[in-house]
Protein chains: 4
Amino acid sequence: MKSAVLTDEREVTVSDRERPTPGDDDVIVKIGACGVCMTDYHLYHGTFPAEFPVVPGHESAGEVVATGDGVSNFEEGDRVAVFPGIPCGECDFCKEGKQNLCENTVSMGGAGDEILDGAFAEYLRAPAQCLQDIGDLSYSAAAFAEPLACCIHGVDRADIESGDTVVIVGAGPIGLLLLQAFRASGAGTIIVSELVDERREIATQLGADHVVDPSAGALADHVDELVDRVDVAVEAVGLPTTIEEAHSITSPGGTTLVFGVPPQNESIEIDPFELYYRELEMVGVFALTQNTFSRAVTLLQGDRIETERLVTDELGLDGLQTAFDQMENNEGLKKMIYPNGR
Amino acid sequence: MKSAVLTDEREVTVSDRERPTPGDDDVIVKIGACGVCMTDYHLYHGTFPAEFPVVPGHESAGEVVATGDGVSNFEEGDRVAVFPGIPCGECDFCKEGKQNLCENTVSMGGAGDEILDGAFAEYLRAPAQCLQDIGDLSYSAAAFAEPLACCIHGVDRADIESGDTVVIVGAGPIGLLLLQAFRASGAGTIIVSELVDERREIATQLGADHVVDPSAGALADHVDELVDRVDVAVEAVGLPTTIEEAHSITSPGGTTLVFGVPPQNESIEIDPFELYYRELEMVGVFALTQNTFSRAVTLLQGDRIETERLVTDELGLDGLQTAFDQMENNEGLKKMIYPNGR
Amino acid sequence: MKSAVLTDEREVTVSDRERPTPGDDDVIVKIGACGVCMTDYHLYHGTFPAEFPVVPGHESAGEVVATGDGVSNFEEGDRVAVFPGIPCGECDFCKEGKQNLCENTVSMGGAGDEILDGAFAEYLRAPAQCLQDIGDLSYSAAAFAEPLACCIHGVDRADIESGDTVVIVGAGPIGLLLLQAFRASGAGTIIVSELVDERREIATQLGADHVVDPSAGALADHVDELVDRVDVAVEAVGLPTTIEEAHSITSPGGTTLVFGVPPQNESIEIDPFELYYRELEMVGVFALTQNTFSRAVTLLQGDRIETERLVTDELGLDGLQTAFDQMENNEGLKKMIYPNGR
Amino acid sequence: MKSAVLTDEREVTVSDRERPTPGDDDVIVKIGACGVCMTDYHLYHGTFPAEFPVVPGHESAGEVVATGDGVSNFEEGDRVAVFPGIPCGECDFCKEGKQNLCENTVSMGGAGDEILDGAFAEYLRAPAQCLQDIGDLSYSAAAFAEPLACCIHGVDRADIESGDTVVIVGAGPIGLLLLQAFRASGAGTIIVSELVDERREIATQLGADHVVDPSAGALADHVDELVDRVDVAVEAVGLPTTIEEAHSITSPGGTTLVFGVPPQNESIEIDPFELYYRELEMVGVFALTQNTFSRAVTLLQGDRIETERLVTDELGLDGLQTAFDQMENNEGLKKMIYPNGR
Ligand SMILES: NC(=O)c1ccc[n+]([C@@H]2O[C@H](COP(=O)([O-])OP(=O)(O)OC[C@H]3O[C@@H](n4cnc5c(N)ncnc54)[C@H](OP(=O)(O)O)[C@@H]3O)[C@@H](O)[C@H]2O)c1
Ligand SMILES: NC(=O)c1ccc[n+]([C@@H]2O[C@H](COP(=O)([O-])OP(=O)(O)OC[C@H]3O[C@@H](n4cnc5c(N)ncnc54)[C@H](OP(=O)(O)O)[C@@H]3O)[C@@H](O)[C@H]2O)c1
Ligand SMILES: NC(=O)c1ccc[n+]([C@@H]2O[C@H](COP(=O)([O-])OP(=O)(O)OC[C@H]3O[C@@H](n4cnc5c(N)ncnc54)[C@H](OP(=O)(O)O)[C@@H]3O)[C@@H](O)[C@H]2O)c1
Ligand SMILES: NC(=O)c1ccc[n+]([C@@H]2O[C@H](COP(=O)([O-])OP(=O)(O)OC[C@H]3O[C@@H](n4cnc5c(N)ncnc54)[C@H](OP(=O)(O)O)[C@@H]3O)[C@@H](O)[C@H]2O)c1
Ligand SMILES: [Zn+2]
Ligand SMILES: [Zn+2]
Ligand SMILES: [Zn+2]
Ligand SMILES: [Zn+2]
């Protein structure tokens, strides 16, 4: 079968590999669609450490084409989304459903202590417990289950009450999913801050009450004019400066969500007296759980989240290089790979 | 000023009364709109005990026309919605923001230990702390803040996670607000069960994923066909039988919300083994808090909740009798009274 | 090895069976102690359906004496408590850490759709993921991890805030663990209602602020004299009448916990208007999760829970019959079986 | 009546002032005991800005000796603790029971936008809604209701589950109350880090499972040896360095509580990648609410919290200067002032 393989830093090749066979509790999925994400980009650039060669791709959906002997809840022909982590099931975190914090993370095509081959390939082997039935949801929409599940997890951790004012800093694919997830979960007024004009426009179409261009005056000033209070400020860029900015606009009793992935070994400065006196929270958000993954599929099936407008590029396996190049130049939003054609 | 006064059981008259003047911490509101609710109907019928004469009406909004000397946060011309309870501020419940459970309930035009004159009148006196700024929201929409706040409180108590499956039994004005409040707060699949055809149709327009006619086969069967699991079943009718029905379709680990007001001194039968073994919850929901009232205004301002389609009748003060008659015959949905004309 | 086997209704025999060998992910535990519980008693009486012959016993702890090839986190000599359910890991409940609601329950020696041999035997085979390290905690104390974990789960579901008033109805082994778990978790005033004099006395020793004899006047009257408000009323007897009683003393905004296992196919009567108007909750509690099991071990290790005073009878495998007889006559509290001697 | 008045920075005098009379909704309390707190010390030093002259003292309890005409729930002879803030009742925070974040803070003898005379005086005027009945609790114990309520609020914000591992950095009066509040609320293993030998000893007596001397090796190393995981790390010193230290020992998924009051205009450095990747939370805790105040009295009445061992100095009004001097030299723990003698 064809796979898009990272063979070295900044080297991606489509090559022929043996099609996987299922272990006892495994399923083989014929990949219908797999989104390209910042993590793939970091693996490609070597900024997330991995042993080459490796097949990336962890935002996938497809059709079950083979099942192991021990698998009873899936059969050939089932349409599924793939949870890309393999929880160890034995650590305390796994036992309480916090698979994102599993102490023995194995990932299929994403970041992890151990990385198995991912979904930029015609076929993927995955444990049955990682699959989620998607009914007749399109593969392209279902491929958003993974990033959406991270966003739902972020909304959970923000612990809003309906009506809360939310500011989202950054309107890339992730910021735009967060916007929709917060809106679907009760956020009151939502403000999106984003540099790129077209992204602000899409944010408006997807339900932002206000959009702000942070290059045209300090975010804090914009926000002050628009709302009385910021209950949750979400950083969805991944920079120390925007984290500090999000924190600085959070109102008394409010929460700053650190969602964007900042570079390692940097630091932010926080005024601890303000944290105390204004009773602020600063909350990190890491990845997804099996529970948020299943809920992501539900929200996608129920049309609560729009994904079509987020897909700007649709490519074959050999388009992965193009996708990385576009990401380098900040072109478009989500790039979708169809390993078996559309 | 003109007031619609209940003078005895099933007797309502429009009469002239003295226009109220504000106490130190009070405000006089010129009523723009006031919705008619089941509680008004019960006061009229004498099924909620009250001392006649009394002016009902507790779902109101209007314009500030006078303020007491101690009032600093409101001024003439402000457009406001009115929280119809006067919290004592001294009981434990008030101190923790649960004004709905206040041990010394005073109500303006609604149900309470003590009932002051309500908003079916040209002017209303209210403590400043009961007002909520509504900006340029229409009075008719703002008059929904009170019932919507009850529904938001219900959603809070259901404690859903986004994606949860919700079944709402009853699609009167309240069921249709609950539908929207649940949908805006993250509900996944929503099923509405309702006898009246037009109400089911409106439910679909307002976001129900499925509607069910309970006269065409048992609700449980309908639900089984549509979904795997009912996380929350909400009773919004007010009958023992529909509470038992809602309870019976609640899935393991799920919650039955007792939202409708059942008659007093009746009983429901519950199988305690099932409650234990399927780990069910049965949760009563009573009224609103100042917090949910403020959030209701926010959601209305943000266009998260549609109210126009719920208003089927627009009347003057002298239309209150008509409204009660229509309610008796189950005609229409929300009746809106405009004491100062439209 | 020796096992205490239920061969038919009300028939228990100690017989020789083959000592189990571990599967790949299994561990063999030499049982140090195993408590006798109402479920064992029900299996013995046939009131919980099971296929005979079966070895009961699901409150156990012991020493690891063999491990399968795939087991890396336990080794011979480890002292462990055994979580008696085998979660399927694939249903939604398992994925979010609610193993008590697993849709494919397999139990070792307890109640379940499928029942494997339990711990009233010299050796037990268990999946490694079911073990919890106990350090140097005594086996007899560690055998309480299972029932204590149920009680912790109950406290979690009661969702108290520190200072809340709690009434516990019934002071058998379970009521006395609930008392300690609530006390350790922030309960303010705790009242225990219990018929048996000695049990009330132990309740006082274990931290009850007040004890009440319900045969000496209605519980409601006792409670009214002692406290202003009952935030949580816990039924720990297992009778419809005491559930109704617990519900009737729950204060506005409070919760009734249905913890005792009522007989099947009975019913309780509830006034739905009261549930609504006083905003009550009625909450079922079923079994334990892996998370509460691990926390139970922690609390036992930290001496937060006293168990010695609860053990009234210490017996060998051949004492199981005696234990059942004593339970029939309401003699003593927890009976502890030591299959390999003390 | 006699009052201890701050007349300028570092100037405290006992002088005669007119005994206050109650307004309509007020009560006059004859002060039985009032604790000295860091805030008093900061007012004295001018590090919390205040207009002199001012009477400090906000941790008080005493006897009601006069009531205003509008007061119905208290009468002469009642023994009460005094909540030292006067909530405005009109801001959103007050309405939801978060009086600590009130936008119009008025304080009696503590920190606030407006500071009224406090309780280092023979008599105090306070609104009736600020009083809490203490029954027969000693005034000296009841004077701990205020600081304990802050600690309970901190425990609430830490949102632990029973069994969680807690590390408390600093064992002054506050650290020792936090220790007890966490222990009473379900904490599993509790480690206290403290420089002063005697304070570590008291920590052990009050229930710390381990105490650590941070001058004898890095805290992180001590903690690593003692426990697997730190769910909550509480800073109770008030220094940027100890906040960073507490943050650094917090385990994945855990929370750092910023409880100590750090100096203004300083900063701490945080690694944002770690915050994200280990999914940490950093949570500020500010003051108390009326709800936690009432719960503090409950826990004190139920003997859940020991206060006697915390009182090292018992003084008259003229002892306030001595108390400040001792605090300067880090002598003793809580200093208790008895304005009307013991
Ligand atoms: N926590 C998790 O579990 C999780 C999961 C998935 C992704 N992530 C992270 O989420 C972040 C966002 O992902 P993405 O795919 O949406 O990335 P993206 O496409 O790079 O989007 C970030 C957007 O923020 C804009 N931006 C840059 N500086 C800004 C500023 N000062 N104010 C406002 N907007 C600004 C960027 O504009 P320009 O393009 O002009 O710079 C860009 O449009 C990444 O760090 C990703 O790694 C986290
Ligand atoms: N908890 C609170 O704080 C709160 C606040 C406000 C209101 N409420 C209560 O909420 C309830 C609903 O209020 P509402 O104004 O919407 O009342 P409503 O107009 O009477 O609506 C109830 C609807 O339920 C329908 N219904 C009757 N039997 C049914 C069944 N077996 N299955 C499905 N639907 C059925 C009714 O149809 P028909 O007309 O054909 O009978 C009606 O359309 C009332 O009890 C009200 O008192 C509670
Ligand atoms: N939810 C769960 O996950 C879970 C887990 C374990 C156990 N359980 C259940 O918890 C219940 C208690 O277990 P247990 O082992 O403690 O049982 P137990 O030994 O039978 O204890 C029940 C106690 O309640 C007393 N009692 C009876 N009627 C009473 C009344 N009207 N008022 C007050 N006390 C009364 C009994 O006294 P007499 O002996 O004089 O009748 C007995 O002392 C059982 O139903 C058990 O099945 C539930
Ligand atoms: N958040 C709130 O609502 C709230 C309410 C009340 C009080 N507070 C604050 O809580 C803090 C504690 O109050 P307190 O009255 O207990 O103060 P305290 O008496 O000064 O206690 C602090 C203790 O921490 C010790 N310490 C200093 N450096 C340390 C280190 N590196 N590691 C471990 N321990 C260290 C101190 O020892 P030495 O004496 O040797 O320095 C002292 O014993 C203060 O900042 C106070 O303002 C906050
Ligand atoms: Zn794991
Ligand atoms: Zn009240
Ligand atoms: Zn399962
Ligand atoms: Zn306020």
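The values are calculated or read from the model by the stated rules, or taken from the named source; none is laboratory data. The structure displayed is predicted, hence computed values, not measured ones. Positions of Cβ are backbone-derived with ideal geometry, glycine not excepted, and every protein chain shown enters the neighbour counts. Areas reflect the complete protein model, heavy atoms only, side chains present, ligands, DNA and RNA absent. Shrake-Rupley method; radii C 1.70, N 1.55, O 1.52, S 1.80 Å.
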Calculated label separations, A:Glu266, copies of the chain, 7 Å along the beta-carbon direction, nm: 2.6, 6.2, 6.4
Residues in the range C:39-77 that a label on C:Asp136 would reach, taking backbone N under 20 Å of a point 7 Å out along Cα→Cβ: C:61-64, C:75-77
Pop out the Kirkwood hydrodynamic radius of the range D:157-284 from its pairwise C-alpha distances, inverse of mean 1/r, in Å to one decimal. 14.3 Å
Looking only at the protein assembly as shown, where both bridge partners belong to it, what percent of the DSSP beta bridges are antiparallel (to the nearest 5)? 55 percent
Here is the link list: D:Lys30/D:Lys335; A:Lys30/C:Lys95; C:Lys2/C:Lys98; A:Lys334/C:Lys95. Which ones come out longer than 26 Å on Cα distance? C:Lys2/C:Lys98; A:Lys334/C:Lys95
Multiplying the sequence separation of A:Val196 and A:Thr7 by 0.36 nm and subtracting their Cα-Cα distance, what value in nm do you get? 64.7 nm
Would you mind giving the average projected area, over all directions, of the Cα convex hull of chain C in nm² with one decimal? 16.7 nm²
Modelling each spin label as a point 7 Å along the Cα-to-Cβ direction, I'd like the C:Glu63/C:Ala220 distance in nm, to one decimal. 5.7 nm
In whole Hz, with x marking every Gly and Pro, tabulate ³J(HN,Hα) for the range B:263-269 from phi via Karplus 6.51 cos²θ - 1.76 cosθ + 1.60, θ = phi - 60°. x, 6, 6, 9, 8, 10, 10
Give me the angle, in degrees from 0 to 90, between the Cα long axis of helix C:173-184 and the longest principal axis of the Cα atoms of chain C, rounded to the nearest 10. 70 degrees
Rounded to a whole number, what % of the accessible area of the protein assembly as shown do carbon and sulfur atoms account for, probe 1.4 Å? 42 percent
Which three extents, in angstrom, do the Cα atoms of the range A:58-154 have along their principal axes, listed largest first? 35, 32, 23
Output the residues of the range B:75-124 meeting this criterion: accessible area (heavy atoms, 1.4 Å probe) in the chain alone minus accessible area with all protein chains in place is 30 Å² or greater. B:Glu90, B:Asp92, B:Phe93, B:Lys95, B:Glu96, B:Leu101
Under the convention of a label 7 Å out along Cα→Cβ, give the distances in nm from C:Ser215 to the same position in every other copy, shortest first. 5.6, 6.3, 8.4
Run through the other copies and list how far each one's label point is from that of C:Asn329, in nm with one decimal, shortest first; the point sits 7 Å from Cα along Cα-Cβ. 7.0, 7.6, 9.1
Helix D:290-301 versus the longest principal axis of chain D: what angle, 0 to 90°, nearest 10, using Cα atoms? 90 degrees
Over chain D, calculate the relative contact order: mean separation of alpha carbon pairs under 8 Å at least 6 apart, over the residue count, as a percent. 19 percent
If N is the residue count of the range C:24-114, its Cα Rg over 2.2 N^0.38 Å rounds to 1.18
Please list, in chain and number order, the residues 5+ apart from C:Ala121 or on another chain whose amide H is under 5 Å from its amide H, with Hs placed from the backbone. C:Ala4
P(r) over all Cα-Cα pairs of the protein assembly as shown, 10 Å bins from 0 to the longest distance, whole percent per bin, short to long, reads 2, 8, 15, 20, 22, 18, 10, 4, 1, 0
Need the C-alpha centroid separation for the range C:267-342 versus the range C:234-264, integer Å. 16 Å
Percent antiparallel among DSSP beta bridges confined to the range C:30-127, nearest 5, equals 75 percent
Amide H neighbours of A:Ile337 at under 5 Å, excluding residues fewer than 5 places away on the same chain, with H built from the backbone geometry, are A:Cys34, A:Gly35, A:Val36, A:Leu315
Take every DSSP beta bridge with both residues inside chain D and express the antiparallel ones as a percent of the total, to the nearest 5. 55 percent
Taking a probe of 1.4 Å and counting only protein heavy atoms, give the total accessible area buried between chains B and C in Å², rounded to the nearest 100. 3600 Å²
Using only helices, what value at 222 nm comes out for chain D when you add -39,500 (n - 2.57) per DSSP H run of length 4 or more and divide by the total residues, to the nearest 500 deg cm²/dmol? -8000 deg cm²/dmol
In Å², what does the accessible area per residue of the range C:157-284 work out to with a 1.4 Å probe? 35 Å²
As I understand it, the value is the acute angle between the Cα axis of helix B:145-158 and the longest principal axis of the Cα atoms of chain B; what does it come to in degrees, rounded to 10? 30 degrees
Rounded to the nearest Å, the spacing of the alpha-carbon centers of the range D:12-47 and the range D:164-197 is 30 Å
Average beta-carbon neighbours from other chains, 10 Å sphere, peptide D:203-210: 1
